[in-house]
Amino acid sequence: MFKLNKIVALSLTIVIAGLLTSCTMFGSSPEKVFKTVGLNSNKIPKNFKRTFDEIRAQKRNGTLHVANTDNSNKEATAEAYVTTYYTTMLTKDIEQIEALSMGKETKPIIESGLDLFQYAHNIFNDDYLKIAKMIDDEHPDEMIDVEIEKLENTKGVILEDKYFKTMDLLIPYAEKHHVEYKTISIPSVEKYKTR
């Protein structure tokens with residue numbers, strides 16, 4: 001009887017250990033969900049004009065670069081820069097979000113995050129590239145600024161709404177699960193605090 005109890009206890013221990021391991025392996029921790037959706041969303045520019053002003057300034061003084069395969073830098077066109085640092089980056093971010101496991105709590109966050117990142121990806125893959133081409137083709141700054149303003153006042157507004165919708169789901173989830181995070185004073189975060 002003692003031997004049987006020992007075997008049963010050992011079996012139960014193995015089963016419980018297996019369940020805990022599978023929960024960790026197959027579930028996404030609150031920290032991972034927060035990092036993958038929340039922290040990665042910080043890479044999405046909130047101010048299109050500032051981004052393009054930086055691209056134009058770097059292009060003018062010859063400091064607009066992208067990395068070569070050997071990790072050295074090479075001078076880039078505005079189109080190559082946008083493709084490398086926005087389109088490619090967001091593709092990887094989308095893949096990471098899709099790899100998160102969806103549970104009852106995380107499903108709306110992940111779906112909202114995917115909506116945000118896919119919408120941003122479309123902007124950078126289409127609108128940003130068109131404006132970057134205008135920069136490369138040396139269109140007047142005034143003409144480029146008109147296109148940037150149109151983009152900010154249309155898709156930029158929608159992108160901002162998608163960002164806040166995602167944060168409205170993610171922040172309470174992070175707080176509930178005691179995920180530590182810090183906010184910094186930038187216009188979008190200040191706006192979030194006053195909503």
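Give the residue, chosen from N68, N73, that is over 20 Å from I44 (Cα atoms), touching a Lys or Arg at 6+ places or on another chain (Cβ under 6 Å) and at pLDDT below 95. Matching residue, one of N68, N73: N68.
Assess whether R56 counts as being touching a helix residue (DSSP H, G or I) at 6+ places or on another chain (Cβ under 8 Å) and either under 23 Å from V157 (Cα atoms) or modelled with pLDDT of 85 or more (or both). Yes; evaluated as a whole, the condition is true for this residue. In region 82-126, of all residues being of a type in the set (K, R) and in a helix (DSSP H, G or I), the one that is most open to solvent (accessible area, probe 1.4 Å) corresponds to K92. Sort out which residues of region 132-143 are part of a helix (DSSP H, G or I) and open to solvent by 10 Å² or more (accessible area, probe 1.4 Å), and write them in order of number. If the condition is that a residue be part of a helix (DSSP H, G or I) and open to solvent by 10 Å² or more (accessible area, probe 1.4 Å), then K133, M134, I135, D136, D141, E142, M143 are the ones that fit.
The values are calculated or read from the model by the stated rules, or taken from the named source; none is laboratory data. Quick caveat: nothing in here was measured; it's all calculated off a predicted structure. Backbone-built Cβ (ideal geometry, glycine too); neighbour counts: all protein chains shown. Accessible surface areas use protein heavy atoms only, side chains included; no ligands, DNA or RNA. Shrake-Rupley method; radii C 1.70, N 1.55, O 1.52, S 1.80 Å.
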